[in-house]
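The values are calculated or read from the model by the stated rules, or taken from the named source; none is laboratory data. What you see is a predicted model, and the numbers here were worked out from it, not measured in a lab. With ideal geometry, Cβ positions are generated from the backbone for all residues, glycine too; neighbour counts draw on all protein chains shown.
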Amino acid sequence: MIEVEDLSKHYGRTRAVDGLTFTAPSGRVTGFLGPNGAGKSTTMRMILGLDRPTGGRAAIDGLRYRDLPDPLRAVGALLDTDGIPPGMTAAGHLRWVAAAARLPDRRVDEVLGAVGLSGVAGKRVGGFSLGMRQRLGIATALLGDPGTLVLDEPVNGLDPEGVRWVRTLMRSLAAEGRTVLVSSHLMGEMAETADRVVVIGLGRLIADTTVADLVRKGAGGRVRVSGPRPGPLAAVLRDHGCTVETDAGDGTADLLVTGAEAAGVGELAARYGLVLHGLTTERPSLEDVFMELTGADADHVSAPVARTGGKR
């Protein structure tokens, strides 16, 4: 379990992390989300003892990272892969880390196989693609068979097969009872992978909940309903305080209803003898809710591209 309590990090007058408190429980994948500049990487560095907090504390299984008796067996981390010397081979890098942590040499072959790099074990890291370097970084994190994983953007540079592999890996590690804290900008992937999400903006906590609860509470939930008599149905719904829009397409006209749950819409239709052909609840995506929560906290906001009016 990772526990962050009133954690702060100030750089002069800039508060990169500001009184942050959350828990990443064992047996769960916790997504760590926020716009650029939100303080995610700084928080992860403080959890791993790489940056000293201005205030508060971060603990892994009740201990600060520096107090763990065997840190590489307790925690595996991937923050970036820039520190891997390009002249070393994949196997050489892992053997160096294993020797430093007094880990058995057999773990090198095991993790290379686990991340799909056995075939390039003897190749120099400088010739690796970004995706291959990410796999090597994940192999390094797994080397000590740790109970806690801290992964910063682990799918960066991976192809679709690699992204699916990382998703399956993280969920399988959590299923074994391990703690997995992962940051990502891919909201769709986090919706598929994470059990819980911690959302921060400008270094402060915005949300700490399950993915399902966060999406359920997000604005924009509506009911899509179709039937042979959309006009009378729309009138009934409006009379009962609902907002109704028409979504026409493929020769049909569905009604988009806000202000009522699907069960309520169905009961109203039955009360007035109106036949329904379809009735579904449409929830906002995790990306929709994320943008709603963090839009004001982004360190930059994109503007529409201006047109020059000239011909190309």
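One residue is enough: does segment 165-174 have a residue meeting the conditions assigned to a strand (DSSP E or B) and within 17 Å of residue 194 (Cα to Cα)?
no
Find the residue count for segment 87-130, including only residues that are assigned to a helix (DSSP H, G or I), in contact with a Leu (Cβ under 6 Å, 6 or more places away or on another chain) and surrounded by fewer than 16 Cβ atoms within 10 Å (Cβ to Cβ).
Looking only at that region, the number is 1.
Identify, please: which residue in segment 185-201 is out of contact with any Phe, Trp or Tyr (no Cβ under 8 Å at 6 or more places or on another chain) and modelled with pLDDT under 90 and is, among those, surrounded by the most Cβ atoms within 10 Å (Cβ to Cβ)?
190
Could you list, in sequence order, all residues of segment 35-86 that are among the hydroxyl-bearing types (Ser, Thr, Tyr), assigned to a loop (DSSP other than H, G, I, E, B) and closer than 20 Å to residue 204 by Cβ?
Across segment 35-86, the qualifying residue is only 54.
Going by the conditions given, is residue 255 in a helix (DSSP H, G or I), of a type outside the set (S, T, N, Q) and either at pLDDT 95 or above or closer than 30 Å to residue 292 by Cβ (or both)?
In short, no.
Is it the case, given these coordinates, that residue 265 is in the same structural domain as residue 7 (by TED's automatic domain parsing) and either at pLDDT 90 or above or over 33 Å from the mean Cα position of the chain (by Cα) (or both)?
When the stated conditions are applied, residue 265 does not pass them.
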